[in-house]
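Shown next, in structure tokens, is the structure this report addresses.
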Amino acid sequence: MRSPRRSAALLLFAVPALALYGGFFLLPAVQGLRYATTDWDGYSPTFDEVGLSNLTEVVSDDDLFRNALTNNLKFLLVVVAGQTLLALLLAVLLAARSRSSTVLRALFFLPTVLSSVSVAFIWKFVYDPNFGPANTLLGAVGLDSLKASYLGDDGAAIFWVAVAQIWFHAGQMMVVYIAGINQIPEELYDAAKTDGAGKWQQFRHVTWPMVAPATTLVIAYTTLQSFKAFDLILGLAGNPPRSGLDVLATRIYSTFANSQLGYAAAESIVFMVAIALVTWLQNRAGKVAHG
């Protein structure tokens, strides 16, 4: 039986981690809550208490924040749906252990190792309305009517950025799905084949239910990525981004850059509540979908 003195000594190993967590997460979080109730500009030695007026304005009267939230939700829905489906499709096609599958996995995973700024420059070139490959290809196949300004269209720009985000991280999520598929016992597929199940039926009744934990992980991680798409947005849209490309992270950054630290802290609180709410809804939906 372990002695109390030895147990207490073992707890000392957690002290460095707890100190770092408290100093770099808990303390700033508490300070953020404190600053959200002030009008501090970030550098003045004094500030005034404003109570909950910052939070009230963010939630009810701030059109710029509301626009950023709308853009972020559009971006989130497209990225979560598109990236999850593409990653699952790639995983199903490339799950087999062969040399060609290994090479293709590496190619699809390659964008993940690039920096967000590099990806932004790549897609900024692709979307260039005059010289970009997207419009050039459409013109080459006689589809000039489908040419677009892409990032120049405020109504559709956020969806084109979502395409870049999907290309950026689909390979990363593919690896998660491949790991999940490779854990499925081969006997389940053999039993399904014996019962006369085709490829689609095998996927529907064996693969899909068995990769449910991987799907939960992919959706949760993709959601966080979608809320944190800060550098990709700035790389594609410039700083500050136009209203059609302004998301929550860039809105908070712009507020902070305008020397409104107290108001930016209030926006950050609403931002975190939005992330928590979306995550909770996803977990509830996942439990219902998987019984």
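The values are calculated or read from the model by the stated rules, or taken from the named source; none is laboratory data. What you are looking at is a predicted structure, and each value in this text was computed from that prediction instead of being measured. Heads up, the Cβs are rebuilt from the backbone with ideal geometry, glycines too, and the neighbour counts pull from every protein chain shown. Areas reflect the complete protein model, heavy atoms only, side chains present, ligands, DNA and RNA absent. Shrake-Rupley method; radii C 1.70, N 1.55, O 1.52, S 1.80 Å.
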Going residue by residue through region 45-57, is there one that turns out to be open to solvent by 70 Å² or more (accessible area, probe 1.4 Å), of a type outside the set (Phe, Trp, Tyr) and in contact (Cβ under 8 Å) with a residue 60 or more places away in the chain?
yes
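Within region 173-191, is there a residue that is acidic (Asp, Glu) and touching a residue at least 60 places away in the same chain (Cβ under 8 Å)? Even if it seems obvious, please write down each step before you answer.
Here is the first cut: in region 173-191, the ones acidic (Asp, Glu) are 186-187, 190.
Still in the running and touching a residue at least 60 places away in the same chain (Cβ under 8 Å): none.
Among the residues of region 173-191, not one is acidic (Asp, Glu) and touching a residue at least 60 places away in the same chain (Cβ under 8 Å), which makes the answer no.
So that you can scan it fast, the table gives a plain yes or no per residue for (1) open to solvent by 20 Å² or more (accessible area, probe 1.4 Å); (2) farther than 21 Å from ASP246 by Cα; (3) in contact (Cβ under 8 Å) with a residue 60 or more places away in the chain:
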residue: TYR150; (1), (2), (3): no, no, no
residue: GLY198; (1), (2), (3): yes, yes, no
residue: ALA214; (1), (2), (3): no, yes, no
residue: ALA220; (1), (2), (3): yes, yes, yes
If LEU143 passes every condition in (1) open to solvent by 60 Å² or more (accessible area, probe 1.4 Å); (2) of a type outside the set (Phe, Trp, Tyr); (3) at pLDDT 90 or above but one, which one does it miss?
(3)
Looking at this structure, is GLY235 touching a strand residue (DSSP E or B) at 6+ places or on another chain (Cβ under 7 Å), assigned to a helix (DSSP H, G or I) and small (Gly, Ala, Ser)?
no
Sole residue being among the hydrophobic types (A, V, I, L, M, F, W, C) and closer than 23 Å to SER115 by Cβ, chosen from ILE275, ILE233
ILE233
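Given the residues LEU26, LEU69, which is the only one that is in a helix (DSSP H, G or I), modelled with pLDDT of 85 or more and either in contact with a strand residue (DSSP E or B) (Cβ under 7 Å, 6 or more places away or on another chain) or more than 23 Å from SER254 (Cβ to Cβ) (or both)? First the steps, then the outcome.
On the way: LEU69 fails: either in contact with a strand residue (DSSP E or B) (Cβ under 7 Å, 6 or more places away or on another chain) or more than 23 Å from SER254 (Cβ to Cβ) (or both).
From the options LEU26, LEU69, the qualifying one is LEU26.
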Listed residues ALA191, ALA179, ALA170; which is under 27 Å from LEU114 (Cα atoms), in a helix (DSSP H, G or I), small (Gly, Ala, Ser) and open to solvent by 40 Å² or more (accessible area, probe 1.4 Å)?
ALA179
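Restricting attention to region 250-279, which residues are open to solvent by 20 Å² or more (accessible area, probe 1.4 Å), in contact (Cβ under 8 Å) with a residue 60 or more places away in the chain and within 17 Å of GLY32 (Cα to Cα)? Spell out the reasoning first.
The initial filter retains those residues of region 250-279 that are open to solvent by 20 Å² or more (accessible area, probe 1.4 Å), namely 251-253, 256-261, 263, 268-279.
Now drop any that are not in contact (Cβ under 8 Å) with a residue 60 or more places away in the chain, which leaves 251, 256, 259-261, 263, 268-270, 274, 278.
Listed by number, the residues that qualify are ARG251, PHE256, SER259, GLN260, LEU261, TYR263, SER268, ILE269, VAL270, ALA274.
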Quick check on my filter: what residues within region 108-121 are touching a residue at least 40 places away in the same chain (Cβ under 8 Å) and either in contact with a Ser or Thr (Cβ under 6 Å, 6 or more places away or on another chain) or part of a helix (DSSP H, G or I) (or both)?
PHE108, PHE109, LEU110, PRO111, THR112, SER116, VAL117, VAL119, ALA120, PHE121
